[in-house]
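Take this structure first; my questions come after.
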Amino acid sequence: MKSIKAMQKILTPQDIQRGNFGLEKEGVRINDDATLTQTPHPKQFGDKLENPYITTDFSESQIEIVTPTFETINKTYNFLSLIIDIVNENLMPNEYIWTQSIPPILPEDDSDIPIAKYNNQKDGQHAEKYRMNLANKYGTKKQLISGIHYNFSLKDETIQKLYDNYDSNYTYREFKDQIYLKIVRNYLRYRWLIIYLMGASIAADETFIDECLKLTNHKDNKNAYYSTNATSFRNASCGYKNIKELFPRFDSVDHFIDDVNQFIKDGELSEAKELYTQIRLKAKDPTDMMKSLKKDGIQYIELRTVDINPFDKNGISINEMKFLHIFIIYLLMKEETDYVKWQEEGFINEEKVAEEAFNPEMRLTRDNKEIKLTTWANEIIYEITKINDAFNLDYDDIIANMHAKIENPENTYAKKLMHLVEDEGFIESQLKLAQKYKKQSQKSLKTKLKNSPDARKYYNMAIVDDNIL
């Protein structure tokens with residue numbers, strides 16, 4: 001990829017800022033004692049396979065909110081906020097959405113965690129069978145780990161400009177694929193930084209899996225445990241990952257497809273979507289991803305690293321969204337090294353930061369050489385700042401905020417959560433936040449429905465038999 005100066009001659013600041021943005025947010029329903037709700041998916045949300053915005057993930061108790069694609073981050077964030085408000089308003093009075101990636105108080109018996117039920121149509125039967133297989137393979141408790149998925153694609157006009165100014169033998173389709181593949185490769189190298197900056201899952205109730213409890217080193221004032229070194233149990237060795245770490249090739253779409261098909265043939269995966277990479281290639285037709293990737297190429301990418309932010313009603317802040325955007329642009333422009341075992345190294349760094357980020361003795365590895373987290377992180381922030389300045393993106397405050405987390409760990413979500421758990425307890429503090437956010441949603445929704453025709457339209461699309469004129 002060309003240097004910043006060369007890119008300035010091709011792309012305008014508007015080209016850089018524009019894109020297609022989408023979000024998915026998972027979150028489990030809880031009762032007023034912070035136990036997992038075991039009731040069916042609320043009927044007012046309608047059929048899980050037909051509601052465009054509100055569905056379930058693995059469990060009946062696990063709501064997944066999906067936004068459409070928007071051309072700006074602000075519109076995407078505001079839509080997510082609206083649907084979260086709608087969900088909170090339509091829960092039972094004693095129900096809330098848990099504010100953590102790591103689950104709340106769980107039943108002792110795995111079989112008491114309700115797997116999502118679907119209609120008797122072919123798609124519904126397949127979805128239910130797939131979840132049953134996951135439960136048997138990974139256990140139901142681990143399936144309740146929740147997070148944020150950040151979907152992004154460049155505008156076609158931006159890709160066309162790059163293609164017209166790039167000396168290569170690629171077709172436009174191949175060039176587009178190579179752009180996204182480069183972002184993916186670099187994301188897998190540098191994802192540890194996102195885990196450090198946005199990790200917010202450092203505690204677990206005693207009812208959660210032993211794998212995570214073993215990573216803790218303190219007990220709160222009740223029945224939960226937490227780590228003073230960790231940033232993200234969700235991204236740690238106990239998190240939601242394949243049983244065996246799999247490293248498909250990301251040098252071409254064809255090689256990626258070949259490798260995933262081989263994983264399925266070898267019995268490592270039941271189907272392609274069971275490959276739990278930190279970033280996914282997304283196809284035009286999600287019902288047959290491999291076939292569609294081969295036919296249509298990569299349509300967009302899905303970042304899957306981000307923990308639920310317990311300090312924001314929406315589970316992610318608008319500043320986090322903007323930083324992820326400029327981070328993606330950085331990944332596109334950043335030159336790659338030729339170190340062969342980059343995927344293995346990226347995976348090791350991921351778990352080191354997730355489990356031991358605040359251990360002063362911890363070191364990352366870059367091209368097989370040790371490096372301090374702060375040293376490497378500051379280098380990345382410096383390079384991102386150069387992109388921000390070159391294209392006048394006006395992300396100065398956002399970058400400064402992230403830099404402050406590197407300079408002082410007390411500014412990270414993980415440390416803020418640690419102090420909250422120390423003061424109030426894990427379950428108690430998160431229940432209090434869930435109750436607070438539900439009240440905020442109910443108040444906010446009234447204003448939105450009163451003042452916005454679009455809000456009323458989307459409410460009517462999301463809720464069955466409760467239309468607002």
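Throughout, read-outs are computed from the coordinates displayed, never taken from laboratory work. If you're wondering where the values come from, they're calculated on a predicted model, not measured in any experiment. In this analysis, Cβ positions are derived from the backbone assuming ideal geometry, glycine residues included, and neighbour counts consider all displayed protein chains.
So how much slack lies between residue 171 and residue 44, counting 0.36 nm per residue of separation and subtracting their Cα-Cα distance, in nm?
Values: separation 127, 0.36 × 127 = 45.72 nm, distance 4.76 nm.
Stretched out fully, the residue 171 to residue 44 stretch lengthens by 41.0 nm.
Per DSSP H run of at least 4 residues, take -39500 (n - 2.57); add these up for the chain, divide by its residues and hand me the 222 nm value, nearest 500 deg cm²/dmol. Kindly include the intermediate steps, with their values, before the conclusion.
Values: 17 runs with 221 residues, N = 469.
Mean residue ellipticity at 222 nm (helix-derived): -15000 deg cm²/dmol.
OK, next. For the range 330-418, what does the relative contact order come out to in percent, with C-alpha contacts under 8 Å and a separation of six or more? Don't skip to the end; give the middle numbers.
Numbers: 44 pairs, mean separation 18.3, N = 89.
Across the range 330-418, relative contact order equals 21 percent.
Which order do the peptides 237-250, 71-84, 333-346 come out in when sorted by mean C-beta neighbours inside 10 angstrom, highest first? Please list the in-between numbers first.
On the way: 237-250: 16.6, 71-84: 19.8, 333-346: 14.4.
In descending order of packing, they fall as 71-84, 237-250, 333-346.
Specify the inter-centroid distance of the range 128-173 and the range 365-420, based on alpha-carbon positions, in whole Å.
25 Å
Among 380, 170, 269, which residue has its Cα positioned farthest towards the positive end of the charge dipole of the chain, with +1 placed on the Cβ of Lys and Arg, -1 on the Cβ of Asp and Glu, and the dipole taken about the Cα centre?
In the chain, that residue is 170.
When 10, 318, 328, 102 are ordered from fewest to most other Cβ atoms inside 10 Å of their Cβ, what list results?
Numbers: 10 14, 318 17, 328 20, 102 27.
Ordered by Cβ neighbours within 10 Å, fewest first: 10, 318, 328, 102.
Next question. With a ≥ b ≥ c taken as the square roots of the eigenvalues of the C-alpha gyration tensor of the range 4-462, please select rounded if a/c is under 1.5 and otherwise prolate if a/b is larger than b/c or oblate if it is not? Mind showing how you got there, number by number?
Details: a/c = 1.34, a/b = 1.24, b/c = 1.09.
Cα axes put the range 4-462 in the rounded bin.
Would you please classify the overall shape of the range 259-315 from the alpha carbon gyration tensor, given that a ≥ b ≥ c denote the square roots of the eigenvalues, rounded means a/c under 1.5, and beyond that prolate means a/b larger than b/c while oblate covers the rest? Present the calculation step by step, with values, prior to reporting the outcome.
On the way: a/c = 3.26, a/b = 1.67, b/c = 1.95.
Oblate, since a/c reaches 1.5 and b/c is not below a/b.
Rank by packing, highest mean first: peptides 115-123, 373-381, 183-191, with packing defined as the count of other Cβ atoms within 10 Å averaged across residues.
Working: 115-123: 14.1, 373-381: 16.8, 183-191: 21.9.
The most tightly packed comes first, giving 183-191, 373-381, 115-123.
Rounding to the nearest 20 debye, state how big the charge dipole of the range 75-155 is about its Cα centre with +1 on each Lys and Arg Cβ and -1 on each Asp and Glu Cβ. List each step's numbers first, then the result.
On the way: 9 positive and 9 negative charges, 113 e Å.
Here the range 75-155 has a charge dipole of around 540 debye.
Hey, with R₀ at 45 Å, roughly what FRET efficiency would residue 206 and residue 252 work out to, going by the Cβ-Cβ distance, to 0.05? Let's see the in-between values first.
On the way: r = 47 Å, r/R0 = 1.04.
So, using R0 = 45 Å, E works out to roughly 0.45.
Here is a follow-up. Cα gyration tensor of the range 310-453, axes a ≥ b ≥ c as square roots of the eigenvalues: rounded (a/c below 1.5), prolate (a/b > b/c) or oblate? Walk me through the numbers on the way to the answer.
Numbers: a/c = 2.47, a/b = 1.45, b/c = 1.71.
Since a/c reaches 1.5 but b/c is at least a/b, the shape of the range 310-453 is classed as oblate.
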